[in-house]
């Protein structure tokens, strides 16, 4: 039973299923992982040797239509995943399992919350 003043995430994290928005993120990230040939990796760009070689390349664009598309938004969301999950991209079953656990453990309700969570995680590790 919900108690007044208690945040709902305390209860939703116990569910065996993800909420709708988590299912959308999960499906999008599984699509990106399964179709890596559609995405350009930073390591594939010549003369660009950075610590973000494991990330997908985000093309420069100001068009909202492109930024809301599957290829751009999928790449951006994928790039914010922890490295240990990205490293499992070769094994689809392990990738899905670890991704599902991560999304359930870190409940968020918008893209902004997701990006803040991942930026905060990077800041804490530095």
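The values are calculated or read from the model by the stated rules, or taken from the named source; none is laboratory data. Model, not experiment: these values are computed from the prediction. A quick note on method: Cβ atoms are made from the backbone with ideal geometry, for glycine too, and the neighbour counts reach across all protein chains shown.
Odds and ends about this structure:
- Residue satisfying condition, being at pLDDT below 80 and surrounded by 12 or more Cβ atoms within 10 Å (Cβ to Cβ), within set 6, 12: 12
- In segment 44-96, the residues that are modelled with pLDDT of 90 or more, touching a helix residue (DSSP H, G or I) at 6+ places or on another chain (Cβ under 6 Å) and either exposed (fewer than 15 other Cβ atoms within 10 Å of the Cβ) or part of a loop (DSSP other than H, G, I, E, B) (or both): 88
- Looking only at segment 97-110, and only at residues there that are in contact with a helix residue (DSSP H, G or I) (Cβ under 8 Å, 6 or more places away or on another chain) and part of a helix (DSSP H, G or I), the one that is surrounded by the fewest Cβ atoms within 10 Å (Cβ to Cβ): 102
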